[in-house]
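Trainee: Once you've had a glance at the structure underneath, I'll fire off some questions.
Quick note: the coordinates plus some simple rules give every number you see, no bench work behind them. The shown structure was predicted, so the numbers you read here are calculated from the model rather than taken from an experiment. Methodologically, a virtual Cβ is constructed for each residue, glycine included, from the backbone with ideal geometry; neighbour enumeration extends over all protein chains shown.
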Amino acid sequence: MKQIALDIGLHTGPTLTNFFAGPPDSANAAALQHLNLWASSPTRSPVPTYLWGESSSGKSHLLKAVAHALREQGVHVGWLDASILTPPAFDDGWAAVLMDDVHLYTAEQQHAAFNWFVNAMTPSTGQQRWVLAAGATPPADLMLREDLRTRLGWGHVFALQVLLESERRAVLRKEADARGVFLSDDVMDFMLNRFSRDLGSLMELLDAIDGYALQSKKSITVPLIKAMMENG
């Protein structure tokens, strides 16, 4: 069944707090703990980090969450993803370099990413910057120029997993119960089959549905969600 992108005017963006990693002993939880420690530390380690996994595993969420956390601290970061066709030059004012969807980079983007990586690791200011990158495959399998591919695998590497449907259902049910909201099986099926699978988006969807139901003074049903989508 075709999934619907979650684009209904929600204001909450990706944060480390609203990333749901699943079981505490999972690779997702280990990656989240690593990023939380790094983002909150006043003396950040310069060892690069690479996240990989299939779509909806949370890679982009985590990169955007780290960027948000650093900007909240007044820190400037360099950001590159596949939509930035002409990347800017490296800026010595950046405290970190974040590169998303590296598996999609063009030759020009790969050239910029390599330049950013080298400048971050061997800066003229004497202070190394952190590099956080993400892609669809392990570093060894990336179809990129060799000097960039090998550098992306230099440091910490985390393989993110899409949570099982049962795990996503459990998280949604727990959050709904905490809100005093009842989600029927039909509503849960609709949410999980028709919207993005990553939990960050699903939780934002729940927040929007809850608010719309309160405003409409109606219980949460599939017709109510469809009405919200039509009016959003």
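Trainee: Put +1 on the Cβ of each Lys and Arg and -1 on the Cβ of each Asp and Glu in segment 42-134; which of ALA96, GLN127, GLN109 then has its Cα farthest toward the positive end of the dipole?
Mentor: GLN127
Trainee: How big, in percent, is the set of alpha carbon pairs in segment 27-159 lying more than 23 Å apart? Write down the numbers at each step before the final one.
Mentor: Values: 2110 of 8778 pairs.
I get 24 percent for the Cα pairs in segment 27-159 exceeding 23 Å.
Trainee: Right, next: How far, in nm, would the chain grow between VAL75 and GLN33 when pulled straight, counting 0.36 nm per residue and subtracting the alpha carbon separation?
Mentor: Working: separation 42, 0.36 × 42 = 15.12 nm, distance 2.04 nm.
Taking VAL75 through GLN33 to full extension adds about 13.1 nm, to one decimal.
Trainee: If you don't mind, another one. To test your reading of the geometry: what angle, between 0 and 90 degrees and rounded to tens, separates the Cα axis of helix 59-72 from the longest principal axis of the chain?
Mentor: On a 0 to 90 degree scale, this one is about 80.
Trainee: While we're looking at this one, here's another question. Counting just the Cα atoms, what span does the chain cover along each of its three principal axes? Round to the nearest Å and put the largest first.
Mentor: For the chain, the Cα extents along the three principal axes come out at 60, 35, 35 Å.
Trainee: For the chain, calculate the relative contact order in percent as a whole number, restricting contacts to Cα pairs under 8 Å that are 6 or more residues apart. Mind showing how you got there, number by number?
Mentor: Working: 340 pairs, mean separation 62.4, N = 232.
Dividing the mean separation by the residue count of the chain yields 27 percent.
Trainee: Please find, in a Gaussian network model of the chain (springs between Cα atoms separated by less than 10 Å), the residue of MET99, MET203, MET143 whose mean-square fluctuation is greatest.
Mentor: Highest fluctuation of the listed residues: MET143.
Trainee: Count of lysine pairs in the chain with Cα atoms under 28 Å apart, counting only pairs 8 or more residues apart in sequence or on different chains?
Mentor: Lysine pairs, 8 or more places apart or on different chains, close enough: 12.
Trainee: Can you list which of the trypsin sites (Lys or Arg not before Pro) found in segment 139-232 are DSSP loop residues with at most 13 other C-beta atoms within 10 Å?
Mentor: Values: sites: ARG145, ARG149, ARG151, ARG168, ARG169, ARG173, LYS174, ARG179, ARG194, ARG197, LYS217, LYS218, LYS226; in loops: ARG145, ARG197, LYS217, LYS218.
For trypsin sites (Lys or Arg not before Pro) across segment 139-232 that sit outside H, G, I, E and B with at most 13 neighbouring Cβ atoms in 10 Å, the list reads LYS217, LYS218.
Trainee: On to the next question. Quick check: the distance between the Cα centres of segment 31-55 and segment 195-210, to the nearest angstrom?
Mentor: Comparing the Cα centres of segment 31-55 and segment 195-210, I get a distance of 24 Å.
Trainee: Where does helix 27-40 land angle-wise versus the long Cα axis of the chain, in degrees 0 to 90, nearest 10?
Mentor: Tilt relative to the chain: about 60 degrees.
Trainee: For the chain, take the longest principal axis of its alpha carbons; what is the angle in degrees between that and the long axis of helix 185-194, to the nearest 10 within 0 to 90?
Mentor: Approximately 30 degrees, to the nearest 10.
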